[in-house]
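S.K.: Have a look at this one before I ask anything.
Coordinate-derived values only; no laboratory data. The structure displayed is predicted, hence computed values, not measured ones. Cβ sites come from the backbone with ideal geometry, for glycine too, and all protein chains shown count toward neighbours.
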Amino acid sequence: MERPIDIHIEKLKTRLIKMCSLVDDQVDKAIEEIVSGKNTVVNEIEIADRRVDKFDLKIDRIIHRIIALNQPVAVDLRLLLSAMKININLERIGDLAVNISRTADELKLQDKILSNIKFEKIAGEIKHMLKLAFDSFINNDTDLAKNLFVHEENLDRLVDFSQNKLVEIMKEDPAIIDEAMKINSILEELERIGDHATNIGKEVYFIVSSKSLKHLDSDDINSLDDI
Amino acid sequence: MKDTKIEIKNLSVFFNYVQALNKINLEIQSNKVTSIIGPSGCGKTSLLRTINRMNELIKGFLHKGEVLIDGINIYDKNIDLVKLRKLVGMVFQNSNLFPKSIYENIVFAPTLQGINEKGILDEIVERVCTQAAIWKEIKDKLNSNALNLSAGQQQRLCIARTLAAEPSILLMDEPASALDPISTAKIEELILELKNEYTILLVTHNMQQAARVSDYTAFLYMGQLIEFGRTPKMFTNPINKQTEDYITGRFG
């Protein structure tokens, strides 16, 4: 039997999944822009971001209304509290994609630099982490959510390596410092996208288990009992 | 530290050989509010009424197990029922005031206990009406008919009347279900106030009310105690799937 709250929760989930799809597309395009140098997508990413912002407001309103009218408890309440945070994380990912694409728009020498850092691996890791985060949310899958921690550590290592490499490149050729600094800021923003993906996984874990994964590292996560 | 006021041990209750409660084990803490929730017919009221032995007024009542208050089994043969019901006061869903004055309603129990001195009775009336948060509203019309009060005031007067018997346990069976939101809020404030001096058991269908006022919650289903625990835990992360289904409204 369907409860009145189920209809609203279903609507909320559908909106969030659409928002996942939108920001996923934004990040894909931003990465493509960095690698290919095509700067025609900036506008597309900005238009998508305005849609993401609208979703953000709409999702806030839906959650507000469900809480006011249904007085949710237990798993319903956890879902709504976490949906609010997932919404914030998605909106931030969208903003970061816009920032990345604007910075990428100014790049001229990326071919020369990107081949010397592990950019492809970083891009692949980001895409994979977003997929894990979104799939874990759609399927309430805590294993996928926990898996994000391993990938986040891997991403951090890759970014560290690439930033060190950038320093070396700048020392060797000071003429490309300006360009390398832009790529450095892109790396930092990609790393933050990874953090937001992990945050989404933490919220999924909380919805399903009611346990918080905040402030834990991957060793702590591995020692957690299966749900 | 746990301070158990009521201990229910392996309690089963039957009415005309139909089982209403099945091996209930429960410890009720002193000066705490414990809510009993569950769907209609699950045995909430039957459980409540075992604590002042009111079920015995129903023909065909049988019980197995024990109910201990302060360590004494209230189903022992030598228990004085009048003393037990003085110790365990009860407030019902609908106010059941006598068609007498406000004053007479409140002094009814103390008079039965042999208190006749006007000064002492006046003192009791003011004390219990203050405790029941109704003194300011009735102090100037103590001799008017109690049934002329509003439903919310009548219910608080019932609570005052119960307190006049000087109980240490209050059983409340849906005390606010017939009241408007303002009167309900007053009863809930009163429950929180009264728990400093009394151990309170509250039967309610209103889950939010249980969440708002109780320290512990017991979920009964088909005569069985499914889950018992601290209210915040019960309403955020219950252990049992049936509890979660009930509090989130999935039952049906």
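S.K.: Compute the signed sum of charges (Lys and Arg +1, Asp and Glu -1) over the other residues within less than 12 Å, Cβ to Cβ, of residue B:145.
M.R.: In short, +1.
S.K.: About its Cα centre, what dipole magnitude does region A:4-222 give when the only charges are +1 on Lys and Arg Cβ and -1 on Asp and Glu Cβ, stated in debye to the nearest 20?
M.R.: 840
S.K.: Which of B:106, B:182, B:37 moves most in a GNM of chain B, Cα contacts under 10 Å?
M.R.: Evaluated over chain B, the most mobile residue of the options is B:182.
S.K.: I've got another one for you. Quick check of the Kirkwood formula: for chain B, what is the inverse mean of 1/r over all pairs of different Cα atoms, in Å?
M.R.: 18.8
S.K.: With charges set only on the Cβ (+1 for Lys and Arg, -1 for Asp and Glu), what does the dipole of the protein assembly as shown come to about its Cα centre, in debye to the nearest 20?
M.R.: The calculated dipole for the protein assembly as shown is roughly 2460 debye.
S.K.: Looking at the protein assembly as shown, what % of its DSSP beta bridges pair antiparallel, to the nearest 5?
M.R.: 60
S.K.: Let me ask something else about it. Would you mind counting up the charge near residue A:67? Only other residues with Cβ under 13 Å from its Cβ, with Lys and Arg at +1 and Asp and Glu at -1.
M.R.: +1
S.K.: I've got another one for you. Viscosity 0.890 mPa s, temperature 25 °C: give me the Stokes-Einstein translational D for chain A in µm²/s, with Rh taken as the Kirkwood radius over C-alpha pairs.
M.R.: Translational D for this selection: 132 µm²/s.
S.K.: Give me the aspartates and glutamates in straight-line cross-link reach of residue B:139: C-alpha distance below 14 Å, same-chain residues under 8 apart excluded.
M.R.: The reachable aspartates and glutamates, counting only those whose Cα sits under 14 Å from residue B:139, are B:104, B:122, B:123, B:126.
S.K.: Continuing with this model, one more query. For region B:38-113, just list the percent of Cα-Cα distances falling in each 5 Å bin from zero outward, please.
M.R.: 3, 11, 20, 22, 18, 14, 9, 4, 0
S.K.: With the contact rule set at Cα under 8 Å and sequence spacing of 6 or more, what percent relative contact order holds for chain B?
M.R.: 27
S.K.: Could you please state, rounded to a whole Å, how far the C-alpha centre of region A:106-181 is from the C-alpha centre of region B:3-81?
M.R.: Distance between centres, Cα-based: 65 Å.
S.K.: Related question: Do any GluC sites (Glu not before Pro) in region B:111-198 lie in a loop, going by DSSP, with at most 15 other beta-carbon atoms within 10 Å of their beta carbon, and if so which?
M.R.: For GluC sites (Glu not before Pro) across region B:111-198 that sit outside H, G, I, E and B with at most 15 neighbouring Cβ atoms in 10 Å, the list reads B:117, B:197.
S.K.: Any idea what % of Cα-Cα pairs in the protein assembly as shown are farther than 38 Å?
M.R.: Across the protein assembly as shown, Cα pairs with separations above 38 Å total 47 percent.
S.K.: Tell me what chain A gives for mean residue ellipticity at 222 nm when only DSSP H runs of n ≥ 4 count, each as -39,500 (n - 2.57), the sum divided by the residue total, rounded to 500 deg cm²/dmol.
M.R.: After summing the helix terms and dividing by residue count, I get -29500 deg cm²/dmol.
S.K.: Of A:202, A:127, A:38, which has the largest mean-square fluctuation in a 10 Å C-alpha GNM of chain A?
M.R.: In the Gaussian network model the winner is A:38.
S.K.: Under 5 Å between amide hydrogens, which residues at least 5 positions from residue B:202 or on another chain qualify, with H placed 1.01 Å from N in the peptide plane?
M.R.: The answer is B:34, B:35, B:36, B:172.
S.K.: Can you tell me, using C-alpha contacts under 8 Å and at least 6 residues apart, the relative contact order of region A:69-227 as a whole percent?
M.R.: 37
S.K.: Past 30 Å, Cα to Cα, is the threshold; run B:44/B:77; A:165/A:211; A:121/A:182; B:64/B:86; A:11/A:202 against it and keep the listed order.
M.R.: Result: A:165/A:211 exceed 30 Å.
S.K.: May I pose another question? Take the Cα gyration tensor of region A:12-60, multiply each eigenvalue by 5, square-root it, and list the three semi-axes largest first, rounded to whole angstrom.
M.R.: Three semi-axes, in Å: 24, 11, 5.
S.K.: Separate question: What does a probe at residue A:43 reach in region A:97-139, counting residues whose amide N is under 20 Å from the point 7 Å along Cα→Cβ?
M.R.: A:97-107
S.K.: Please build a GNM for chain B, connecting alpha carbons under 10 Å apart, and tell me which residue among B:86, B:118, B:139 fluctuates the most.
M.R.: Looking only at B:86, B:118, B:139, the biggest GNM fluctuation is shown by B:118.
S.K.: For residue B:58 paired with residue A:210, estimate the spin-label separation in nm (one decimal), with each label point 7 Å from Cα along the Cα-to-Cβ line.
M.R.: Each label point is offset 7 Å from its Cα along the Cβ direction, giving 3.1 nm.
S.K.: Of B:36, B:16, B:99, which is farthest towards the positive pole of chain B's charge dipole, taken about the Cα centre with +1 and -1 on the beta-carbons of Lys, Arg and Asp, Glu respectively?
M.R.: Looking along the dipole axis, the top candidate is B:16.
S.K.: Could I ask something else about it? Nearest 0.05, what FRET efficiency do residue B:241 and residue A:18 give at R0 = 22 Å with Cβ-Cβ as r?
M.R.: With a Förster radius of 22 Å, E is 0.10.
S.K.: Give me the extension gain from residue B:150 to residue B:180: residue separation times 0.36 nm, minus the current Cα-Cα distance, reported in nm with one decimal.
M.R.: Going from the current span to full extension adds 9.7 nm.
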